[in-house]
Amino acid sequence: MSLFKIRPDQIAQEVLEFHKKLAEGLKILAEIDEVAVGTTPREAVYQEDKLVLYHYKPIVDKPNPTPLLIVYALVNRPYMLDLQPDRSLIKNLLEVGQDVYLVDWGYPEQADRYLSLEDYIQGYLHRCVKTIGKRYGIEQVNLLGICQGGTLSLCYSALHPEKVRNLITMVTPIDFKTPDNLLSHWLQQVDIDLLVDTLGNIPGELLNWTFLNLKPFRLTGQKYLDMVDSLTDVEAAKKFLRMEKWIFDSPDQAGEAFRQFVKGCFQKNALIEGKLMIGEQRVNLKEVTMPVLNIYATLDHLVPPSASMALKKYVGTTDYTEVSFVGGHIGIYVSGRAQKEVPMALGQWLDAH
């Protein structure tokens, strides 16, 4: 319908209906005190500084004998993987027979500003792998790295191939300078040294608003207009609030690790060039010789498919599998389609390997 054919009384009616829905939705929101996230049963099995290593209670009689360690990004909280019972990658992985562990990096404080990528990869992550190994009397684990956590997992797998039986990367950036990577274009001209030397740790709020402004209309405007139609009952409102909680629950980033990651990966693209240094060791992706499953999202605006699909060209394994998911960077964890497709694909691949 042409804009010029819309009668004033139609416009007035739509405005009245919108305000009615808004008032009803706000009333529902006001009745909610708190929303629960991360409800799948788990126990802390290792702690160090801010880090906690969690083990989720298996729900099948004979889970995969090789435990699966999930490594999430530093920039967000990992409960996105266990947002609610019917939208939980972790719960679904348990249901398809995986024995699941999760690294929770915690919230860095100013005392942590000098933590480096070496501290995270060769220190914290390595000790988590060894902790799991001791619990089972094994040398290798399966590793699932998500987003930035996938990049960290790739580095770890290249430096310690003897510790990783199978590697899964999900929405993971590999080539940080593909033409369609808007975040990378923004970061090329940023003086990272000045930023870190001035602020110390990088505020999570600063990074959060950077990510939101990659799609400003959709993520800061249209979303809240759509919200009015979705707030039809308490459960729908809680679903919306869980997402909002996660989006704005952004940890500060340890300054030195942030400096090394942005300069090394985004600005120099050193990972694929074989020049990324973790401490005194150089990361060579050809040392990733274990089986690899790489999952990317076709509509990902943070990690474009091209940035993930590059992995095949650089790893040393001959057992490489690539799976595409029709959706976005967040939808791959929480959408209805993802709940059916992603855990099943992961479980089947791991069981076959």
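Considering (1) surrounded by 21 or more Cβ atoms within 10 Å (Cβ to Cβ); (2) touching a Gly at 6+ places or on another chain (Cβ under 9 Å); (3) farther than 30 Å from D197 by Cβ; (4) touching a residue at least 60 places away in the same chain (Cβ under 8 Å), say which one G347 fails and leave the rest.
In the conditions (1) surrounded by 21 or more Cβ atoms within 10 Å (Cβ to Cβ); (2) touching a Gly at 6+ places or on another chain (Cβ under 9 Å); (3) farther than 30 Å from D197 by Cβ; (4) touching a residue at least 60 places away in the same chain (Cβ under 8 Å), G347 misses (1) alone.
Give the residues of segment 273-308 that are under 25 Å from T210 (Cα atoms), surrounded by 15 or more Cβ atoms within 10 Å (Cβ to Cβ) and among the β-branched types (V, I, T), sorted by residue number.
Once the filter is applied, which keeps residues that are under 25 Å from T210 (Cα atoms), surrounded by 15 or more Cβ atoms within 10 Å (Cβ to Cβ) and among the β-branched types (V, I, T), segment 273-308 yields I295, V303.
Taking T220 and the conditions (1) assigned to a helix (DSSP H, G or I); (2) surrounded by 13 or more Cβ atoms within 10 Å (Cβ to Cβ); (3) at pLDDT below 75, which numbered condition does it fall short on, given that it satisfies the others?
(2)
Is there a residue being touching a strand residue (DSSP E or B) at 6+ places or on another chain (Cβ under 7 Å), acidic (D, E), on the phi < 0 side of the Ramachandran plot and not in a loop (DSSP other than H, G, I, E, B) anywhere in segment 115-123? Steps first, answer last, please.
So the first thing to find is which residues in segment 115-123 are touching a strand residue (DSSP E or B) at 6+ places or on another chain (Cβ under 7 Å), and the list is 117-118, 121-122.
In the following step, the residues that additionally are acidic (D, E) were identified as 118.
From what's left, on the phi < 0 side of the Ramachandran plot: 118.
Next, only the ones that are not in a loop (DSSP other than H, G, I, E, B) stay: 118.
Yes: segment 115-123 contains one or more residues that are touching a strand residue (DSSP E or B) at 6+ places or on another chain (Cβ under 7 Å), acidic (D, E), on the phi < 0 side of the Ramachandran plot and not in a loop (DSSP other than H, G, I, E, B).
Could you list, in sequence order, the residues of segment 125-147 that are surrounded by 21 or more Cβ atoms within 10 Å (Cβ to Cβ), within 23 Å of T172 (Cα to Cα) and touching a residue at least 60 places away in the same chain (Cβ under 8 Å)? Working first, answer last.
Restricting attention to segment 125-147, the residues satisfying the condition of being surrounded by 21 or more Cβ atoms within 10 Å (Cβ to Cβ) are 125, 128-129, 132, 141-147.
From the residues that got through so far, the ones that are within 23 Å of T172 (Cα to Cα) too are 125, 128-129, 141-147.
Answer for segment 125-147, where residues must be surrounded by 21 or more Cβ atoms within 10 Å (Cβ to Cβ), within 23 Å of T172 (Cα to Cα) and touching a residue at least 60 places away in the same chain (Cβ under 8 Å): C128, V129, V141, N142, L143, L144, G145, I146, C147.
Got a number for residues in segment 138-187 being among the hydrophobic types (A, V, I, L, M, F, W, C), part of a helix (DSSP H, G or I) and modelled with pLDDT of 95 or more? Write out each step before concluding.
Narrowing segment 138-187 to residues among the hydrophobic types (A, V, I, L, M, F, W, C): 138, 141, 143-144, 146-147, 152, 154-155, 158-159, 164, 167-168, 170-171, 174, 176, 182-183, 186-187.
From the residues that got through so far, the ones that are part of a helix (DSSP H, G or I) too are 152, 154-155, 158-159, 182-183, 186-187.
After this cut, where a residue has to be modelled with pLDDT of 95 or more as well, the list is 152, 154-155, 158-159.
Residues that pass the stated criteria total 5.
Yes or no: T169 under 27 Å from G200 (Cα atoms) and touching a residue at least 12 places away in the same chain (Cβ under 8 Å)?
Values: under 27 Å from G200 (Cα atoms): no; touching a residue at least 12 places away in the same chain (Cβ under 8 Å): yes.
Spelling it out, it is not the case that T169 is under 27 Å from G200 (Cα atoms) and touching a residue at least 12 places away in the same chain (Cβ under 8 Å).
What are the residues in segment 313-353 that are β-branched (V, I, T), at pLDDT below 85 and touching a Leu at 6+ places or on another chain (Cβ under 8 Å), if any?
V334
Quick one: how many residues across segment 188-204 are surrounded by 15 or more Cβ atoms within 10 Å (Cβ to Cβ) and either among the acidic types (D, E) or outside any loop (DSSP other than H, G, I, E, B) (or both)?
Keep residues of segment 188-204 that are surrounded by 15 or more Cβ atoms within 10 Å (Cβ to Cβ), which gives 192, 195-196, 199-202, 204.
Checking which are either among the acidic types (D, E) or outside any loop (DSSP other than H, G, I, E, B) (or both) leaves us with 192, 195-196, 199, 202, 204.
Of the residues in segment 188-204, 6 are surrounded by 15 or more Cβ atoms within 10 Å (Cβ to Cβ) and either among the acidic types (D, E) or outside any loop (DSSP other than H, G, I, E, B) (or both).
Report yes if Y46 is of a type in the set (S, T, Y) and under 20 Å from Q148 (Cβ atoms), otherwise no. Can you show your working first?
Values: of a type in the set (S, T, Y): yes; under 20 Å from Q148 (Cβ atoms): no.
In short, no.
In segment 223-256, which residue that is among the aromatic types (F, W, Y) and assigned to a helix (DSSP H, G or I) is modelled with the highest pLDDT? I'd like the intermediate steps shown before the answer.
Residues of segment 223-256 among the aromatic types (F, W, Y): 224, 240, 246, 248.
Next, only the ones that are assigned to a helix (DSSP H, G or I) stay: 224, 240, 246.
Numbers: Y224: 60, F240: 77, W246: 80.
By that ranking, first place goes to W246.
State which residue pairs qualify: first residue over 12 Å from S324 (Cα atoms) and inside segment 289-312, second residue buried (at least 18 other Cβ atoms within 10 Å of the Cβ) and of a type in the set (A, V, I, L, M, F, W, C) in any location, beta carbons under 6 Å apart, and separation of 6 or more residues or different chains.
M290/V164; M290/L167; V292/L167; V292/V315; V303/V171; A310/I174; L311/I174
Go through (1) at pLDDT below 95; (2) under 20 Å from P78 (Cβ atoms) one by one and return the number of the condition Q110 breaks.
(2)
The values are calculated or read from the model by the stated rules, or taken from the named source; none is laboratory data. Being a predicted model, the structure only gives us computed values, none of them experimental. Don't worry about glycine lacking a Cβ; one is built from the backbone with ideal geometry, like all the others, and counts go over all protein chains shown.
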